[in-house]
Structure formats: C-alpha cells, structure tokens
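Take a look at the structure below.
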Amino acid sequence: MNKTETIAGISTAMYSSGIGIVRISGDDAFSVIDRIFKPIKKSKKMAEVPSHTIHYGFIMNEDDILDEVLVLVMKAPHTYTRENTVEIDCHGGVLVTKKILELVLKSGARSADPGEFTKRAFLNGRIDLAQAEAVMDLINAENEFAMSSSVSQLRGSVSEKIRSIRGEILYHVAYIEAALDDPEHMELDNYGDTLSPVIEKVCADMEELLANADNGRILSEGIRTVILGKPNVGKSSLLNVLVGSERAIVTDIAGTTRDTLEEKIRIKDISLNIVDTAGIRNTEDVIEKIGVSRAKENAREADLVVFVVDASRELDADDMEIAGLIREKKSIVLLNKSDLETKVTKCEMEELTNSNVLEVSAKENIGIEKFADTINEMFYQGEISFNNQVFITNVRHKEAISLAYESLKMVEESIKKKMPEDFYCVDLMNAYGELGRIIGESVDEDLVDEIFCKFCMGK
Ligand code: GDP
Ligand code: ZN
C-alpha cells in the first residue's frame, strides 16, 4: 500500500479563544510528534501509547520550550480522517500556535490544503458527500448565518432526512421486486393503496426541503442583489460606500449560471452579492444600457432589488417604469442625495413601489446603517430559524431533490392509472438514485443488499 503524505494545519476555533489546535494526519503523524514533543511522564513513543489518550508536556524547538501543550493521540481508523491523527492543544495564543505549526512542517509534515482533512475523511469513507460539502461550506462560510446552517447540515440533518426518504422508497421497491419474483408467497394486490400515502408523505417532506432551499442558498451564499436606477442617481457612489464600509471586497466571483459578475459585499454580517449585470462600476446608464427587459429579468432573479432614485430631482417616466417593475419584489428604494434639497417624498415613493423607502446620501455616507438594518429585518428576522428546519444550501442538492420529486409524482400518476406494479419501480428507483447523488451513494449495491436481506433470505 502507498504511504499517505502526512499533512498538518491549524484547526481554528470558531470563536476566538486562547487555545489553538494544530492537527496532524497521515502515516507519519506519530513520528512527527515524537520529534518535537517532550512528555512530562516517561518518554514513550507516541506510536506505542494507547489510542485516544492525552499527553501533557512541552513542544521543544531543539532545547527551547515553545509551549506547554496537551497532545491527543488517535490511531487509525477511529479518527476523523481515518488516518493516524495527532492534535496539539496549544495554550500560548495565536502566534505560538503558528510557530508550532511551522515546527511541525519542518519535522516531516506538509501544510494541508483548505479542506484537505475533510477530503480525506470523505475518500476514506468516514463521511458522505453531503457532509463533506457541509464542511467545505463551513470553511467558506461567509457569515454567522451561513455558519449555523452549515453546522446543522454537518450534523447530518440533510443526510438523515434524505436517508430516511430513501429507506422508505427502497423498502417498497424491494417488496415489489420480490413479490414479482415470488408471486406464490407474496401479495401484491392493490399495492398502490399501500404505496399512495407513503409517496404523499415523502413528497410533502421534499416539498418542505425545496421550499426552504432558497433560504438555504441565501444563508450560505448571500443575498442576490440587483441595483436599478437611472444614470447619475448615485449607484456607483452607493456601491463605493458599501464597499468602503467593509475593509475589503471579498472577491469577484463569476456567476454560476450566467455570465454575470457578482461582487460580494458585507455589511453588518449580511452578505450581499451585487449582480453587476451592466457593469455599474464602469459604465453609466445602467437601465439604458441593459434595457428595461433585461432589467426586468435581472430583477426577477434577484432576492433583493435596490432601486436608487435621485431625490433632488422630480421623478420622471423612467423612474415610474422602474417603480412599476419592483412592486412585486422584495425591494428597497433609496432616495439618494438627501443631503440636497429634495423633490421626492418618502410617502409618495412608498405608494408607488410598495417597498421600504429610505433617505440616504451616498456622498455624505448617511443612512447606510439603516439600509443594512432594513435588509436584516427583511431577510433574517423571524423568517429563518435554525433549530428545527433542515436547509438545503447546495444547488446540486436542490436539483437532485427536484428530479426525485418529479419521479415520485410519476409514481402517483401510475398508481392513479392502475398501471402494473413494475411501472412504479422504475420511477421509484429514479427517485432513489437522484437522492443517492446527494449523499454520494450508488444505487445497485444498496438494492441488492436490501432485497437479499429483507425478503429473499435463504433462497
Ligand atoms: P450613477 O450614474 O447612478 O452610478 O451615479 P454616480 O454614482 O456616478 O453619481 C452621479 C453624480 O451624483 C456624481 O457627481 C456624484 O458625486 C453625485 N452623487 C452621488 N451620490 C450623491 C449624494 O448622496 N449627494 C450628492 N449631493 N451628490 C451625489
Ligand atoms: Zn455610475
């Protein structure tokens, strides 16, 4: 067997605390720690101590004590990565933790890539795909909301729900297949009557997952935001203020489904993905440039539309047109240039757009806090709770569930039309397969196992 490379990294605590953990995983984990650790008790090699034991001592850089630590020794395969794993609990703060990592890297480990521990856990069969993705989401979590959602997915709530739905489906497929095989001993009469309520229940569960999927996406990826407004009302200025209010723009990420650029902006723990369809940053005349129909389309796909108006000028036909566009959307109207004498009132705008209207000044940086608070109220307060809901945060999962759902609807059709039972099986298996993609499990082995275990024993 090939030797696995030994990797090391800092597993950062989610809250800031004085303790840092350096994790080492791989075939050489124990020899690496032996090179730098001096236990208080008699010096034993770490490979020789029992698994899952904690050892108190010092990390030594040659003759210097670097830190007083606890070393946790865990032997394969009962570890997160299923490899030999050592965790060094350091107490000297962030800087010391980094120094210890450096020392570890000098002593035979290489620096772990982001997510590499999790990748190993997945490759070694320790966690399923949904859980691995949740960990990756966690690593990439943009804000606290996203964090909580990843944590609950990680605990396996999505996987668990999907598994239970799959289990249900599989049971019935297995029964039908077995009964078709052995009609003398197994009853199939009116099996649709048995199956119908099951499908109904499962579909309801899936509907709930799908209904929450958008919330989940918002939580993990940010609020998809489109800024609309005539030329010169202050869109670019606003964007600059928003960007400036956060130390850095996180990234420019290429849109996943279309070739638009999204600019990620964080204000007060909220992530906005500003969809820059017409290059607000570089060009003027957004509406003119992208045209009203494109604007409409952009607005339709957005979670939030921000309509910027120059409040120092009278409203004109273009403003009215945009106002009409956004009536049915989650939107916020910003009456910009409120530092000047204003010609547009909050009231009339509220009536026109049916939205939250805020007076701001991009130039004077007024009203931006309120803007953030309003978004917070619209998207997060009361509407989303983390404790009892299972969120699908991942586009791939959403797709798979949709496809599975359609297949189950086909089964319902077949039952209604009194089609033969083997028709049910085809669509049930499609649904089962789609759901399996979420947790990375293949169809065939399961089915074989299930049939042989449950119904065909001893045959
Ligand atoms: P855009 O075409 O919508 O992107 O508008 P810009 O951001 O390029 O701004 C157009 C003009 O309005 C610039 O001269 C800005 O300095 C000015 N401007 C933007 N916001 C404000 C504001 O809040 N108050 C005032 N007085 N001027 C502003
Ligand atoms: Zn501009």
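The values are calculated or read from the model by the stated rules, or taken from the named source; none is laboratory data. Since we're looking at a predicted model, the values are computed, not measured. Note that we place each Cβ from the backbone using ideal geometry, even for glycine, and neighbour counts take in every protein chain shown. Note: accessible area is taken over every heavy atom of the protein model, side chains too, but ligands, DNA and RNA are not part of it. Shrake-Rupley method; radii C 1.70, N 1.55, O 1.52, S 1.80 Å.
Listing for the model above:
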{"read-out": "Residue in segment 308-318 that is within 16 Å of ligand 2 (Cβ to nearest atom) and at pLDDT below 90 present", "value": "yes"}
{"read-out": "Extreme residue, farthest from Asn124 (Cα to Cα), among residues of segment 54-72 that are free of Cβ contacts under 8 Å to residues at least 24 places away in the same chain and open to solvent by less than 40 Å² (accessible area, probe 1.4 Å)", "value": "Gly57"}
{"read-out": "Identity of the residue in segment 165-190, of a type in the set (A, V, I, L, M, F, W, C) and part of a loop (DSSP other than H, G, I, E, B), that ends up surrounded by the most Cβ atoms within 10 Å (Cβ to Cβ)", "value": "Leu188"}
{"read-out": "Residue within segment 73-89 that is surrounded by fewer than 22 Cβ atoms within 10 Å (Cβ to Cβ), outside any loop (DSSP other than H, G, I, E, B) and at pLDDT below 80 present", "value": "no"}
{"read-out": "Among the candidates Val344, Val305, residue that is among the hydrophobic types (A, V, I, L, M, F, W, C) and touching a residue at least 60 places away in the same chain (Cβ under 8 Å)", "value": "Val305"}
{"read-out": "Total residues in segment 403-433, condition closer than 17 Å to Tyr175 by Cα, in a helix (DSSP H, G or I) and open to solvent by 50 Å² or more (accessible area, probe 1.4 Å)", "value": "4"}
{"read-out": "Asp64 vs. criteria modelled with pLDDT of 90 or more and among the acidic types (Asp, Glu)", "value": "no"}
{"read-out": "Condition check for Val226: more than 22 Å from Glu434 (Cα to Cα) and modelled with pLDDT of 80 or more", "value": "yes"}
{"read-out": "Filtered residues of segment 313-332 (kept if touching a Lys or Arg at 6+ places or on another chain (Cβ under 9 Å) and aliphatic (A, V, I, L, M))", "value": "Leu315, Ile322, Leu325"}
{"read-out": "Residues (of a type in the set (D, E, K, R) and over 16 Å from Leu103 (Cα atoms)) located in segment 53-91", "value": "Lys75, Arg82, Glu83"}
{"read-out": "Residue check for Asp193: modelled with pLDDT under 80, among the acidic types (Asp, Glu) and either within 16 Å of ligand 1 (Cβ to nearest atom) or more than 21 Å from Glu369 (Cα to Cα) (or both)", "value": "no"}
{"read-out": "Some residue of segment 94-102 being open to solvent by less than 30 Å² (accessible area, probe 1.4 Å), assigned to a helix (DSSP H, G or I) and on the phi > 0 side of the Ramachandran plot", "value": "no"}
{"read-out": "Selection within segment 99-113 - touching a strand residue (DSSP E or B) at 6+ places or on another chain (Cβ under 8 Å) and among the small types (Gly, Ala, Ser)", "value": "Ala109, Ser111, Ala112"}
{"read-out": "Hits in segment 341-398 (condition: more than 32 Å from the chain's Cα centre (by Cα) and either open to solvent by less than 20 Å² (accessible area, probe 1.4 Å) or at pLDDT below 85 (or both))", "value": "Val344, Met349, Thr353, Val360, Ser361, Ala362"}
{"read-out": "Number of the exception - Arg327 against (1) surrounded by fewer than 16 Cβ atoms within 10 Å (Cβ to Cβ); (2) modelled with pLDDT of 85 or more", "value": "(2)"}
{"read-out": "Answer residue from segment 331-357, given it is within 12 Å of ligand 1 (Cβ to nearest atom) and not hydroxyl-bearing (Ser, Thr, Tyr) and is farthest from Leu272 (Cα to Cα) among those", "value": "Glu341"}
